[in-house]
Structures are given as structure tokens and as C-alpha cells.
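The values are calculated or read from the model by the stated rules, or taken from the named source; none is laboratory data. Remember, it's a predicted structure, so these values are computed and weren't measured experimentally. Heads up, the Cβs are rebuilt from the backbone with ideal geometry, glycines too, and the neighbour counts pull from every protein chain shown. Heads up: the accessible areas ignore ligands, DNA and RNA and are worked out on the full protein's heavy atoms, side chains in. Shrake-Rupley method; radii C 1.70, N 1.55, O 1.52, S 1.80 Å.
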Amino acid sequence: MLAAAPCGGAPQGSLAFFQTNHGALRRREGAGKEAIRVMTTFSSLGIAEPILTALTDYGYEIPTVIQEKAIPAGLAGRDVLGSAQTGTGKTCAFGVPILQRLAQKGAGQAIRALILTPTRELAIQIDDNLHAYGKNLPLTEAVIFGGVGQTPQVEQLKRGVDILTATPGRLLDLSGQGLLDLSGVEIFVLDEADRMLDMGFIHDVRRVIKLLPQKKQTMFFSATLPPEIMDLVDTLLHDPVRAAAAPVSTPVEVIRQEVCLVDRGNKTSLLLAILDQEQVGNALVFTRTKHGADKVARDLNRKGVAAAAIHGNKSQTARQESLRKFKAGEVRVLVATDIAARGLDIEDLAFVFNYNLPEVPETYIHRIGRTGRAGKGGTAISFCDYGEMPLLRDIEKLLKKPIPRRDHNYPMEVFEAPKKDAKGRVVNPEDAEARQAA
Ligand code: AMP
């Protein structure tokens, strides 16, 4: 059994805290009134002592907005509709209620909580976080995802699991083989629902929901709520408490943004020069294609900069190994495509490079939001060749301000209009290169 947590009020004193609109936490003495909220503590949310201690040990001092709203509702057994994306602290927002409610009933054999998430990386991160938050509790967690052999996952399930984090495909696969039973699920979390829709998993999600008992607590998280998602919300949630987090990825003043106008063929030389000039400790570099990610990583390695590419064509083991090496400082530059980078939980990321500008301006904001986390300032440097100028204009339109140009030794010299195909569509040179290589 868990001891009830003492309910402390907001501490007195001049130290105010606010959350910037990209979700980073900051403390300030005497900050401007509009930005200040009264400090809420984790203990005032009704969290039990073993979990409070674990959160403190993990370095969490103050709840984020989504945690402040979702944790009390989740602990009370209410359904939760959270508008939040990765980076807002949503894992703790649903993780704490799961851990506390299950621990109150003691350890069991059946799967009592299921967290469904779209990507393997997110699944692993959620499981890691739950393990850390629940380290003082007698509960067991497991994670299952595709792309790796199923035997170790099945063995773990056989030993008994209280909290299962899963991607839809492997979950349905194992369930179809009769290797897991979801009839005892008391708490269900649907994580990144809109991403499930984008990735074409929504039918799988519906199939999973059919395997769950009717009576359960559901916590539903989605960054956006398009109509298809609202349909799911209406069928799945009962009188939910709504909890919205400020979007994580709005660039704020803490992120230094710069753009370099540079020819395509000089981008890697420029990257190497800036890595050196800025004494970059670690950086995430975004490329347009998987082929591009491999090429940039290969070229950097050839020039003596330890780099690894991470994208959907790599095996799960290879991706995890690259991430581990990056976090351990063995790899200095991680080169990723947007999909592969989504959900990567990398602390202390000081630099983000856009080797290619994204087609969708909002993606720029998501990408650069990867740096400057937890209130630490970060730098986002983008490379733009002549063909990408329209993309830069779209991004600046979205930002409502120009991105400062950075001077460098590889100024743009090629001013050729992009090639078009027979139907008059612009042919992206990176895509053409990737096709040719394939
Ligand atoms: P999430 O949105 O759950 O992926 O969390 C984003 C990042 O913020 C992760 O690195 C978490 O470990 C971290 N985080 C979550 N909640 C807090 C908190 N209350 N204080 C500090 N860091 C946090």
C-alpha cells in the first residue's frame, strides 16, 4: 500500500516559476506578472511518497502545466483528454496516476494498464520513464514493439506484467497469437492519437480498443484534435477532464536561430566548419531523406566527426545503439529524418541543424523545439540553398519575422531555378538522389 502524500500548499517566497510557451521550465526572481503562476508542487497534487521521492531523484522539481492538470484527475480515476505533444511532460502526467492507482491495489499478474504509442522510440522512452517514476513500487512494466524478435517480449509477458507499453502492430500480433490477454486492463492510455492517424495506425488502434474491457479509465493524448480523432474521443472517453499543455515547439527567445544561405554541394563543409567554430558538443541534424541522413553521417565520419544516422531503414537495434552512443557522448552528431527524430528524448541538446529545410513550415518549429529544452538556451542553424528559398520564406512567414542570416565562408553562388518534371512539378534534388541511390 502507498502512504497518502501530505498535501502541501504552494511554498511562500519570492521565487516564481513560469512555463514558456514551448514547455520549458524556468525559474525567475520577480518575473513579469503575466508570466507568473503560483508555484504548484508535486506533493500538492496528491502524489504518494514513494513516487514523489522517485520524481525528485529523477530531477523533477516542479510539475509542468499538463502534469498539474492531468495528475489530480488521473489519480481520481477520471478520464482525461490531454492536448499535449512530446516534450510537455505528458509521460509523467499519465504515468503517475497509473503507478499510484495500481500500487494501491498491490502487484498482480494480469496486464492492468496499457499504454499504446505510435513509435518504438516513444514506447521505449515511456517504459524507461515509468521504470524511473515507479522504482520504489512493487510493480512490473514491459514494453513491446515490432522490428525485433518477439521471444524476449513474450518471455517477459509470461512472467507477469502490470503495465504494458506497446506499439499497435506488435500488440495485435501477439494478441492474435494468444500470447497476451488485455481483458484485465483497468487503465488505458492512448498516446499521440493524431500521430497514430498520420501514420495509418488508426484502424489498428480501433482493433486494440475492441480487445479492452468496456469499463476502464482512459487517458487520451493528442497534439491536435482533427475530426477523426474527435470521433474516437467521443466513443472512448466518458466525461473527461480536459488538460491542455502549451505547445512545446513554439520558438521562444531562448532558441538562437540562424540561417546560412549556401549551395547544396557545400552544406557538409559548412556543417563541419560550424561544428568547429561553435565548439559544438552534440547536435541533431535533420535531413530530408534517409539516403541524405546516411550520406551526411558518412561524410562527417570521413572527416573525423563521429556521427550516426537514425531513420526508418535502420534496424531497431541499430537505432537504439546510435541513440545510446549519442547520449553517452561517443557520437557527436546524430543525423535524422523527421519521423525518426520524433519522440527522441535527448537531454541537453544544444544545437539543432536543418541540413535541409522542411517542406511544412510547422515542422521547422517542431525541429528547433528539440533544443532549448528545460529552459536551457539552444541554437538552431538552418542551411538553405537556392531551391529552398521558397521554403525559407514560408517559415519566416509563419514565424512572422526573418531569421538572422549567418555569415560564413561558403556563400551561395548557384542561382538556378529548380528542375521540373514532365508534369511541371519541381524535382527535389535530394529526392532524385535518393531514388537514384535506391
Ligand atoms: P515528455 O513530454 O513526457 O516526453 O517529457 C519531456 C521531457 O521533459 C523529458 O525529458 C522528461 O524527463 C522531462 N520532464 C517531464 N516532466 C518534468 C518536470 N516536471 N520537470 C523537469 N523535467 C520534466
Expressed in angstrom and rounded, the centroid-to-centroid distance over alpha carbons for region 142-189 and region 377-438 is 43
Any chance you could look up the accessible area of ASP421 with a 1.4 Å probe, heavy atoms only, rounded to 10 Å²? 50
By a straight-distance test (C-alpha under 23 Å), which lysines pair with LYS135 as possible cross-link partners, with residues fewer than eight away in the same chain excluded? LYS90, LYS105, LYS158, LYS327
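What's the longest bit of the chain with no exposed trypsin sites (Lys or Arg not before Pro), using DSSP loop states and at most 10 other Cβ atoms within 10 Å as the test?
Working: sites that count: LYS215, LYS400, LYS423, ARG425.
After excluding every exposed loop site, the longest remaining stretch is 1-214.
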If one builds a Gaussian network model of the chain from Cα atoms under 10 Å apart, the most fluctuating residue listed among GLY147, GLY387, GLY46 is GLY147
Just to confirm, what accessible area per residue do you get for the chain at 1.4 Å probe, in whole Å²? 45
Answer in debye to the nearest 20: the dipole magnitude of the chain about its Cα centre, from +1 Lys/Arg and -1 Asp/Glu charges placed on Cβ, is 60
Region 328-369: which GluC sites (Glu not before Pro) are DSSP loop and have at most 10 other beta-carbon atoms within 10 angstrom? GLU347
The local net charge around ALA307, scoring Lys/Arg +1 and Asp/Glu -1 for residues other than ALA307 whose Cβ lies under 13 Å from its Cβ, equals +3
Solvent-accessible surface (1.4 angstrom probe) belonging to SER43, in square angstrom, nearest 10: 30
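How big is the charge dipole of region 150-209 about its Cα centre, in debye rounded to the nearest 20, if each Lys and Arg gets +1 on its Cβ and each Asp and Glu gets -1 on its Cβ?
200
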Distant alpha-carbon pairs in region 312-401 (separation over 17 angstrom), percent: 53
Around GLY106, under 12 Å between beta carbons, what's the net of Lys plus Arg minus Asp minus Glu among the other residues? +2
Keeping all protein chains in position, work out how much accessible area VAL426 exposes to a 1.4 Å probe, and write it in Å² to the nearest 10. 90
Electrostatic dipole magnitude of region 39-109 [Cβ: Lys, Arg +1; Asp, Glu -1; Cα centre; debye, to 20]: 260
Computed over region 179-232, the relative contact order (Cα-Cα under 8 Å, seq sep at least six) in percent reads 54
Set of lysines with alpha-carbon distance to LYS420 below 28 Å, sequence-local pairs under 8 removed: LYS267, LYS290, LYS295, LYS397
Report, to the nearest whole %, how much of the accessible area of the chain belongs to carbon and sulfur atoms, 1.4 Å probe, protein only. 51
Square roots of five times the Cα gyration tensor eigenvalues for the chain, Å: 39, 27, 20
Within region 248-309, GluC sites (Glu not before Pro) in DSSP loop having at most 10 other beta-carbon neighbours inside 10 Å: GLU253
Counting other C-beta atoms within 10 Å, and keeping those with at most 13, which DSSP coil GluC sites (Glu not before Pro) do you find in region 367-438? GLU413, GLU416
Please list PHE145, PHE201 in order of solvent-accessible area, largest first, computed with a 1.4 Å probe with all protein chains present. PHE201, PHE145
Per DSSP H run of n ≥ 4, the term is -39500 (n - 2.57); total these for the chain, divide by its residue number, and report the mean residue ellipticity at 222 nm rounded to 500 deg cm²/dmol. -11000 deg cm²/dmol
Charge tally for neighbours of ILE51 with beta carbon under 12 Å away, counting Lys, Arg as +1 and Asp, Glu as -1, is 0
Given Cα pairs under 8 Å that are at least 6 residues apart, what percent is the relative contact order of the chain? 16
